[in-house]
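Following this message is one structure expressed as structure tokens.
Values quoted throughout were computed directly from the atomic coordinates according to the rules given, and no laboratory measurement underlies them. Treat the numbers as computed from the prediction; the structure is a model and nothing was measured. Glycine also receives a Cβ, built like all others from the backbone with ideal geometry; neighbour counts cover every protein chain displayed.
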Amino acid sequence: MGGEKVKSIYLYTRFERFWHWAQALLIGGLLWTGFAVHGDLPWPDFHTAVIWHNRLGITWLILFAFILFWEATTGEWRHYVPTTRKLFAVGRYYLVGIFRGEPHPVAKTAEAKHNPLQRLTYLGVAVAIVPVQVVTGLLYWTYNDWHLLGFSMNLGVLAFLHVAGAFLFLMFLVIHVYMITTGHTPFAHLKAMVTGWEEVHGPDKPPH
């Protein structure tokens, strides 16, 4: 791009990178063991899958609590505040502009790590999919104690909601992996989440 050069900015802290990759492993493990519980995968066996699904679920829930605490105390939550500014421009970019070699309409900065579409997506996952999975997962886990709590629910409905949430998570992961490849090189975003340094395009000289 004329008049611009690639420069590196430090965007992702060590803890941010840690919880990103830890979540990826835990969610991947939850999806694998969850589908194994339903008999959709040949390994592990049902009993082993249930044990590990529960362990991974509790581990992820603890990690997520730490993430929320970190986001709240460091001010990182501001990167997830939704905005419609340039939202349609970003949507058009991913539908059309990216295939024409056009520049991204919203550059990453230390003050705004995520574009409007990312903000809405991540917020949607956090306030919609995650609560559904947590609540239905905990209900599944305590199923044998429902009578002690005076709670009753159709197990088929609970199963449907939990599996539906799992498929939404799977869709998110597939799209997320694809989006990783849409940087100025196919591995630029992946490298950034390993090193913390994101390569962005900026002007050769500061604007007057």
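Kirkwood hydrodynamic radius (Cα pairs, Å) of region 101-162?
14.8
Take Tyr143, Tyr12 and order them by how many other Cβ atoms sit within 10 Å, fewest up front.
Fewest-to-most ranking of Tyr143, Tyr12: Tyr143, Tyr12.
Report, to two decimal places, the Cα Rg of region 1-109 normalised by 2.2 N^0.38 Å (N = number of residues).
The reported ratio for this selection is 1.52.
Another one. Which one of Val90, Pro105, Gly34 has its Cα pushed farthest toward the positive end of the charge dipole of the chain, where Lys and Arg give +1 and Asp and Glu give -1 at the Cβ?
Pro105
Further, regarding this structure: With angles folded into 0 to 90 degrees, how steeply does helix 14-37 sit against the dominant principal axis of the chain? Use alpha carbons for both and round to 10.
Roughly 40 degrees between the two axes.
If you take the Cα atoms of the chain, find Rg, then find the Kirkwood Rh from the mean of 1/r over all pairs, what is Rg/Rh?
Radius of gyration over Kirkwood radius for the chain works out to 1.04.
Suppose a student asked you for the relative contact order of the chain, using Cα pairs under 8 Å spaced at least 6 residues apart; what percent would you report?
33
Could you work out how far the C-alpha centroid of region 49-128 sits from that of region 138-184, in angstrom?
19
Another question, if that's okay. Taking K and R as +1 and D and E as -1, what net charge do the other residues with C-beta under 15 Å from the C-beta of Asn115 add up to?
+4
Separate question: For region 1-92, calculate the relative contact order in percent as a whole number, restricting contacts to Cα pairs under 8 Å that are 6 or more residues apart.
It comes to 20 percent, rounded to a whole number.
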